[in-house]
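None of the figures in this text is laboratory data; all of them are computed from the coordinates on show. Small disclaimer: the values here were computed from a predicted structure and weren't measured. Neighbour counts run over all protein chains shown; Cβ positions are idealised from the backbone, glycine included.
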């Protein structure tokens, strides 16, 4: 990958990081606001509990995304961004545009997903955004 492309993908990954940090900041603010509420009624407490749980899940997913972005930035810094971590092949630019934090080529990602799915022959789209769960993606492709 030439220097111009490294710069382009570095900017893309940094934009992704900025968006994630903004989202995480909003979630932390929301959690703080929920914590400030006093003596809710029973129904309100149930709703608040559900809201806290959802925000906690969102915070966890955001943290995972941030870890993926930081690993991509490390690969950029080490000059190995765009190379498959498993086989060393070049990852197509189209894949990197869609999923800038990926470290696997399509073939290796498919093999990994097959292994995760228990070799049942079900493969997921290797170009999907990493914030979609494999189960959600599997069901959405079966309906099509």
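Taking neighbour Cβ counts within 10 Å as the exposure measure, how do 11, 83 sort from fewest upward?
11, 83
Of the residues 101, 10, 107, the one with the fewest other Cβ atoms within 10 Å heads the list, and the complete ranking is 107, 10, 101.
Listed from fewest to most Cβ neighbours within 10 Å, the set 8, 60 follows the order 60, 8.
Potential lengthening of the chain between residue 21 and residue 78 amounts to 18.2 nm, from the contour at 0.36 nm per residue minus the alpha-carbon distance. Full extension of the segment from residue 90 to residue 29, taken as 0.36 nm per residue of separation minus the current Cα-Cα distance, would add 17.9 nm.
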